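Structure first, then comments.
Nothing in this text is a laboratory measurement; each read-out follows from the coordinates by a stated rule. The structure displayed is predicted, hence computed values, not measured ones. Note: ideal-geometry Cβ built from the backbone for every residue, glycine included; neighbour counts use all protein chains shown.
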Amino acid sequence: MICLAKSIGGGLPLGAFGAGRAVMNLISQHKVFHGGTYNTNRVAMSAGLATFREILTRENYALVDKLSKETDRGYRAIVKKSGLQAYVASAGVNGALMFYPKEILNYRDWTKIDVDLWRHYWFGMVKSRRAGTAYWWDEQWTTPFSTRKRTLTIILRFSRKSAPALAKSPTGRRRGICGAAVPPLTPFSS
């Protein structure tokens, strides 16, 4: 069975699933009920069809793949040149800049991510209007189909400018490294 959601609706609430004949026959023969809030919603279905026909094309996939690889290479070069204690993990159009000196292999490694350093980096990105990920230290970037090379160039430029200061900053003395006041961690994230 395959379940698809989010991207196939072009931003509208749409999901799809498919399975072998034996499973799908249970639904088509009304032996198993399938219902949903947005079933047969014409706007969502039109958006889904347009997404498949106009956006998720081979050409656009090739462009997004190219931009994602450029982002990955850009971050790797920044980490290497700056000496930042971080690494880049990526797969397809997703990737993450992880503030940890080596590849994270287990939960114990993950709990040692330099959250303070990441927060300074992220708030600096927000202040410069260049946030590339959502707020969490292990969030990944996703190269959307609407992304253009200029957007990635701006994000990498900020990272290139801020990485040396982040690399030199000792823990506990990071107030305003990237030009942003950083609020304290909330109780659930410590």
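Counting other beta carbons within 10 Å of each residue's own, what order do 120, 34 fall into, fewest first? Mind showing how you got there, number by number?
Details: 120 25, 34 11.
Going from least to most buried by this count: 34, 120.
Which of the lysines could a cross-linker bridge to residue 127, judged by Cα under 23 Å and excluding same-chain residues fewer than eight apart?
Within reach: 149, 161, 168.
Sorted by average packing, counted as other Cβ atoms within 10 angstrom per residue and highest first, what order do 89-95, 162-168 take? Could the numbers behind the result be given before it?
Details: 89-95: 15.9, 162-168: 18.3.
Sorting 89-95, 162-168 by mean packing, highest first, produces 162-168, 89-95.
Could you pull out the GluC sites (Glu not before Pro) across the stretch 1-88 that fall in loop regions by DSSP (anything but H, G, I, E, B) with no more than 10 other Cβ atoms inside 10 Å? Intermediate values should be presented prior to the final figure.
Details: sites: 54, 59, 70; in loops: none.
Nothing satisfies the criteria.
Considering only DSSP states other than H, G, I, E and B, which trypsin sites (Lys or Arg not before Pro) in the stretch 1-79 qualify as loop sites with at most 12 other Cβ atoms within 10 Å? Could the numbers behind the result be given before it?
Values: sites: 6, 21, 31, 42, 53, 58, 66, 69, 73, 76; in loops: 31.
Answer in residue order: 31.
Out of the chymotrypsin sites (Phe, Trp or Tyr not before Pro) in the stretch 33-102, which ones are loop residues according to DSSP with at most 14 other C-beta atoms within 10 Å?
33, 38
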